[in-house]
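The next block holds one structure in the form of structure tokens; read it before the comments.
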Amino acid sequence: MYKEDAPLKNEFAFLYASLFKNYTNHLKIVDALSTKTKGLTREEIIALTKISNGGGLTDMLNELEQCDFIRRYQSFGKKEQHSLYQLIDFYSLFYFNFLKTNTFDDSHFWTNAIDNARRRAWSGYAFEQVCLAHLPQIKQKLGIFGVSTKTASWRSNDKENAAQIDLLIERNDRVINLCEMKYAEDEFVIDKQYDEALRKKRGAFREETKTRKTIHITMITTNGVRHNQYWGNIQSEVVMDDLFFHSTK
């Protein structure tokens, strides 16, 4: 893929051109979304792309969502008009991170970047997207597959200490799972600093949302969490293998 004559070098533009008649604006939208991993509001998309607000933009967003290039999700406690749009197509994400600005002068770039900070960040974000694509399996592991739920994200209004939760599962049994999705090559280790951050995040969420529901912290990791002295603050755990489990019931 990183060779000058790689057969998929120009696949990105061909992909969108083959699906959408007037694809240039679709590309502007996904390009804008690639600049902010947590997503953009409709107003932020308009500001970045200069596409006029109206039915045309609505159609393009719907088309991208229906083709699974983007997802629309709500922040906890916010109304639908405050929805965020997020780029979730794995190839598009990879393109913007590693192909768009690549000079193709190193055919072994991916192997050479195995311990690169940029690749580690990519691995973490890609793992988050895999988790979000397997919500039924997460619910199955948590034993709440038959419980009515809503999923959302949340961002604190505190500008100085802005806590953020990328996945909340609000359950009909008056429990909210605050999910932490963490990629690690081995077991994920919760240290004193991270334990304190989790406590502050949970406290900020409870204080700002005024929720009276029980809050459970759920760790979703690649290879599990080490059960050390800080494990006691965690109520449930999901590992990567659980995401690909299919119940036979």
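The values are calculated or read from the model by the stated rules, or taken from the named source; none is laboratory data. Keep in mind that what you see is a predicted model, and the values were worked out from it rather than measured. Quick reminder, even Gly has a Cβ in these numbers, built from the backbone with ideal geometry, and neighbours come from all protein chains shown.
Test Thr214 against the stated conditions and say whether it is surrounded by fewer than 17 Cβ atoms within 10 Å (Cβ to Cβ), among the hydroxyl-bearing types (Ser, Thr, Tyr) and out of contact with any Phe, Trp or Tyr (no Cβ under 8 Å at 6 or more places or on another chain). First the steps, then the outcome.
Details: surrounded by fewer than 17 Cβ atoms within 10 Å (Cβ to Cβ): yes; among the hydroxyl-bearing types (Ser, Thr, Tyr): yes; out of contact with any Phe, Trp or Tyr (no Cβ under 8 Å at 6 or more places or on another chain): yes.
Criteria met by Thr214.
Return the residue satisfying two criteria in turn: it lies in the stretch 227-249 and is in contact with a strand residue (DSSP E or B) (Cβ under 7 Å, 6 or more places away or on another chain) and more than 15 Å from Asn177 (Cα to Cα), and of such residues it is modelled with the lowest pLDDT.
Residues of the stretch 227-249 that are in contact with a strand residue (DSSP E or B) (Cβ under 7 Å, 6 or more places away or on another chain), as a first pass: 231, 233-239.
Now restrict to residues that are more than 15 Å from Asn177 (Cα to Cα): 231, 239.
Numbers: Trp231: 93, Val239: 96.
The qualifying residue modelled with the lowest pLDDT is Trp231.
What pairs come out if I take residues in the stretch 79-98 that are of a type in the set (D, E, K, R) and pair them with residues that are modelled with pLDDT of 90 or more whose C-beta lies under 7 Å away, six or more apart or interchain?
Cβ pairs passing all conditions: Asp89/Asp68; Asp89/Phe69.
List the pairs whose first member sits in the stretch 179-208 and is in contact (Cβ under 8 Å) with a residue 12 or more places away in the chain, whose second member is of a type in the set (Phe, Trp, Tyr) and in a helix (DSSP H, G or I), and whose Cβ atoms are under 8 Å apart, counting only residues at least 6 apart or on separate chains?
Cβ pairs passing all conditions: Met181/Phe127; Lys182/Phe127; Tyr183/Phe127; Ile190/Trp231.
So if I check each of Gly124, Gly143, which one is surrounded by fewer than 18 Cβ atoms within 10 Å (Cβ to Cβ), closer than 16 Å to Gln235 by Cα and of a type in the set (Gly, Ala, Ser)?
On the way: Gly124 fails: closer than 16 Å to Gln235 by Cα.
Of the residues listed, the single one that is surrounded by fewer than 18 Cβ atoms within 10 Å (Cβ to Cβ), closer than 16 Å to Gln235 by Cα and of a type in the set (Gly, Ala, Ser) is Gly143.
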